[in-house]
Every structure is written in C-alpha cells, then in structure tokens.
Amino acid sequence: MNPRSIISVDVEDYFHVEAFAKVVDRNNWGTYSSRVERNTERILEVFNELRIKGTFFILGWVAERYPHLVLHIAEQGHEPACHSYWHRLIYKLSPEEFREDTLRAKDCIEQAASTQIFGYRAPSFSITGRSVWALDILAQLGFRYDSSVFPVKHDTYGVPDAPRCPFRIETPFGPIVEFPMATFRLGRGPNFPVAGGGYLRMFPFSYTRMGVRRAWSEGLPVVSYIHPWEIDPEQPRIEAPLKSRLRHYTNLSKTEERLRKLLALGQFTSFRDSCLADSAPCFSLKETVSQ
C-alpha cells in the first residue's frame, strides 16, 4: 500500500506571486481585480467531489480581506494554515520582520477561521540555508509544523541535502516537524521535484505519475501543492519578463484535469489528518546547511 500523502493549497492571487514581484508593487495589490475567491471555491468543489480534505496555506492579506472564504475552508473540514502576510522571500527579511509578518498573518487567519492554526509554508519555499533561523521563530510562535523545505536545487529556493521524508527539528522553543516537498530519484542521480505547482502544470502528466510512484516505492509520502490561480486560464495577463510569464501562464487550462489525475493516484489528505508527524525522526537541518 502506498504511503498516505498530502494535498495542500497555497491560497494567493495571481498578482501575489514571486514571479511578478518586480513589476507588481505590493502597495498596489488592492487595485488589481481579485480572483482568489472564485478560484479557491472551485478547488473546494473539486475536493468535495473527490471527498478529499486538504490543508490550505492562506496568505494573511487574503484572510484579512476575505474572512468568509477562510471560514468556509474551515467549515468544510479542511485545515487552515499560514502562508505569510505579504508573500515576501524569508531570506530577504530580518528575523524581526519575519516575526511581525508571521504574527500578523496568523492573527488574521485565526480570527477568520475561528480556530488556532499550527502549520506554515514560506512563500516560494524560501526557508533555505540562509533562513533556517525562521524555524526557531515558528516554534516560538506556536507552529507545530512547517512545509517550506524543497530538497532540490533551484534559482529561488532549495535545500538539496535535506531529508526527503518528514523530520523533527529541535529548537529552543520545542520541536517543529518539517514536511519537505515531494521529490524522486533516478538511480543515484539528484532529487527531481514532482507533484505540484509549476511541475504539475508544465511537465507532462507521465512525468508526475512516474515521479509519484517512484517516491512511493521508496516509502516516501508525497507532499503536493497547488495554487488557486493555476486553475484559472482566463486570469488577467501581467506584463513581465518572458521567463516569469512562461513560469506563470504555461498550461493553466490543463491544471485542473492534472490535479484530478494526481489525486486519483492514491490517498491524499491534510497535514493535520495524515498523522505523519507522529513518526517523524529527529534531524538537524542547521548542521546540513552549514556543511
């Protein structure tokens, strides 16, 4: 039997993404036509149809403006969690800036959901060797798990030598469990990313299917993710460099179908309901990134 795996949603709008950060001023976010409600509701419909519960990492900016959406997510039995407030790369923040951003987001989400949240995912998986200090702050603020480490090499994120399965990190404020994003290997080669976001959109589904099955054959749970804007091929176009536009707009019309195919491969649930944290071994991420 394949390991229980996780489906998560990073609840943000199309103009929040890092790919457009240099051309979209955060101070002007409110001037853009928002599509996050309708797109998130569509994902909720898909999950309900498939009888799947997931984890929704919600941007604090979204929670503050659409509290009814956050409450609806929670009332549907899904797990609300935190995706920062301003969607800034963690390694570009000071520890105090990160603390303030996280507290603001946590408060907005908890007020809207009428429940405490315990999970965090950094924008663009930006807990890396330069920002591993953020895990101590998350534990201090009461978070029990994080899902920001991607064990791959990438131009924006990645901790290539991190464990590929859930692991527990001891901090001065108590333990926090890290859930790395899904990867697979071909022989003794490097880790390949799979099962979420641009990797699900841009690569043929045969790649996703192979990668997920190879991860499962190693006994690894697959931590997958999707963004609401990725199922919206009619979203407004933003003028940005070609590389950013290719990353953002490629195969938007195919994402919902591929998401359904992914979820049909095995058993997917939320972080909260997976119980995978209970058996996570201890590991020192700080020692890994300092080598």
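The values are calculated or read from the model by the stated rules, or taken from the named source; none is laboratory data. These figures come from a predicted structure and were not determined experimentally. Here the Cβ is made from the backbone with ideal geometry for all residues, glycine too, and neighbour counts use every protein chain on show. Surface accessibility is based on the protein's heavy atoms, side chains included, excluding ligands, DNA and RNA. Shrake-Rupley method; radii C 1.70, N 1.55, O 1.52, S 1.80 Å.
Things to note:
- Here the convex hull built on the C-alpha positions of the stretch 116-177 has a volume of 76 cubic angstrom per residue.
- Here the chain exposes an accessible surface that is 49 percent carbon and sulfur, computed with a 1.4 Å probe and the other protein chains kept in place.
- Cleavage-rule hits (GluC sites (Glu not before Pro)) in the stretch 119-218: DSSP loop, at most 16 neighbouring Cβ within 10 angstrom: E218
- Structure-derived Cα extents along the principal axes in Å: which label, when the choices are [x] 66, 41, 40; [y] 45, 43, 39; [z] 61, 40, 33: [y]
- Placing a label point 7 Å from the Cα of E218 along the Cα-to-Cβ line, the residues of the stretch 1-17 whose backbone N sits under 20 Å from it are 1-8.
- Here the stretch 1-147 is described by how far its Cα atoms reach on the three principal axes: 42, 41, 29 Å, from widest to narrowest.
- Per DSSP, loop trypsin sites (Lys or Arg not before Pro) in the stretch 189-291 with at most 13 further Cβ within 10 Å: R237
- Largest first, the residues T31, T156 sort by 1.4 Å accessible area into T31, T156.
- Size check on the stretch 198-291: the Cα extents along the three principal axes, sorted descending, read 45, 37, 25 Å.
- Rolling a 1.4 Å probe over the heavy atoms of the protein chains gives the chain an accessible area of 43 Å² per residue.
- Pairs beyond 24 Å (Cα-Cα), from K22/K153; K22/K261; K106/K254; K53/K254; K53/K153; K106/K243: K22/K261; K106/K254; K53/K153; K106/K243
- Unit Cα scatterers, Debye sum, the stretch 67-165: log10 I(q)/I(0) for q = 0.14, 0.25 Å⁻¹: -0.53, -1.29
- When the trypsin sites (Lys or Arg not before Pro) in the stretch 19-112 are filtered for DSSP coil states and for at most 14 other beta-carbon atoms within 10 Å of their beta-carbon, the remaining sites are K22, R51.
- Cα pair count fraction exceeding 27 Å, expressed as % - the stretch 131-265: 29 percent
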